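Okay, structure first, notes after.
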Amino acid sequence: MRALCVLALGMACAHAQAETWRCFNDVEVACTWDGCSIAADGGLTPMDLAFSSEGGVSLCAYTGCWDGSGDVVARLPFLVIAARQLPWSDPHGGPDRERDVLIAFDPSDRVALVKAGAWALPLHCRPGDDGGEGTD
């Protein structure tokens, strides 16, 4: 009985620890109702995405970030997070800069697909506790 309690407690603690990820893009893709296009050479907007398996989201570009929490709508085989109306963090932010953000993450190859406004981006990810942009 004691071993069963220890096992249950260990499983609860393991579930309580959220996995975190940091992701970066190599290309910029923008989509509208009539199609998608990739940014021309030199037109890349560097994006920095941080998210947790519990739904925390921070998507940064330019001088600010969309920060907040989303709903985890799937965990397997992909982690999918849908965040509604995340506020923009820079001083010029306002309701007109809020965005819905969708993240679909495949932990097997560490690729995330992000949709935020017109951006539709593939990003490469690393565990959030590895110090940032380390190599695989």
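The values are calculated or read from the model by the stated rules, or taken from the named source; none is laboratory data. Fair warning: this is a prediction, and the values are worked out from it, not measured in the lab. Reconstructed Cβ throughout: ideal geometry from the backbone, glycine too, with neighbour counts over all protein chains shown.
Restricting the stretch 70-119 to residues that are touching an Asp or Glu at 6+ places or on another chain (Cβ under 6 Å) and small (Gly, Ala, Ser), the residue that is farthest from TRP21 (Cα to Cα) is SER89. Filtering the stretch 32-47 to residues that are on the phi < 0 side of the Ramachandran plot and either in contact with a helix residue (DSSP H, G or I) (Cβ under 6 Å, 6 or more places away or on another chain) or of a type outside the set (A, V, I, L, M) (or both) leaves THR32, TRP33, ASP34, CYS36, SER37, ASP41, GLY43, THR45, PRO46.
For the stretch 76-120, a tally of residues being at pLDDT below 95, part of a loop (DSSP other than H, G, I, E, B) and of a type in the set (D, E, K, R) returns 2. Looking for something touching a strand residue (DSSP E or B) at 6+ places or on another chain (Cβ under 8 Å), surrounded by fewer than 17 Cβ atoms within 10 Å (Cβ to Cβ) and closer than 15 Å to TRP119 by Cα - is there at least one such residue anywhere in the stretch 49-67? Yes, some residue in the stretch 49-67 is touching a strand residue (DSSP E or B) at 6+ places or on another chain (Cβ under 8 Å), surrounded by fewer than 17 Cβ atoms within 10 Å (Cβ to Cβ) and closer than 15 Å to TRP119 by Cα. Just one of the numbered conditions (1) on the phi < 0 side of the Ramachandran plot; (2) touching a Lys or Arg at 6+ places or on another chain (Cβ under 9 Å); (3) not aromatic (Phe, Trp, Tyr) is not true of GLY68: (1). Among the candidates ASP96, ASP90, ASP100, which residue alone is over 18 Å from LEU121 (Cβ atoms), without any contact (Cβ under 8 Å) to a residue 24 or more places away in the chain, surrounded by fewer than 17 Cβ atoms within 10 Å (Cβ to Cβ) and of a type in the set (Asp, Glu)? Step by step, each of ASP96, ASP90, ASP100 is checked, and only ASP96 is over 18 Å from LEU121 (Cβ atoms), without any contact (Cβ under 8 Å) to a residue 24 or more places away in the chain, surrounded by fewer than 17 Cβ atoms within 10 Å (Cβ to Cβ) and of a type in the set (Asp, Glu). In the list ALA18, ALA30, ALA40, which residue meets the criterion of being of a type outside the set (Ser, Thr, Tyr), surrounded by 16 or more Cβ atoms within 10 Å (Cβ to Cβ) and either part of a strand (DSSP E or B) or modelled with pLDDT under 90 (or both)? Step by step, each of ALA18, ALA30, ALA40 is checked, and only ALA30 is of a type outside the set (Ser, Thr, Tyr), surrounded by 16 or more Cβ atoms within 10 Å (Cβ to Cβ) and either part of a strand (DSSP E or B) or modelled with pLDDT under 90 (or both).
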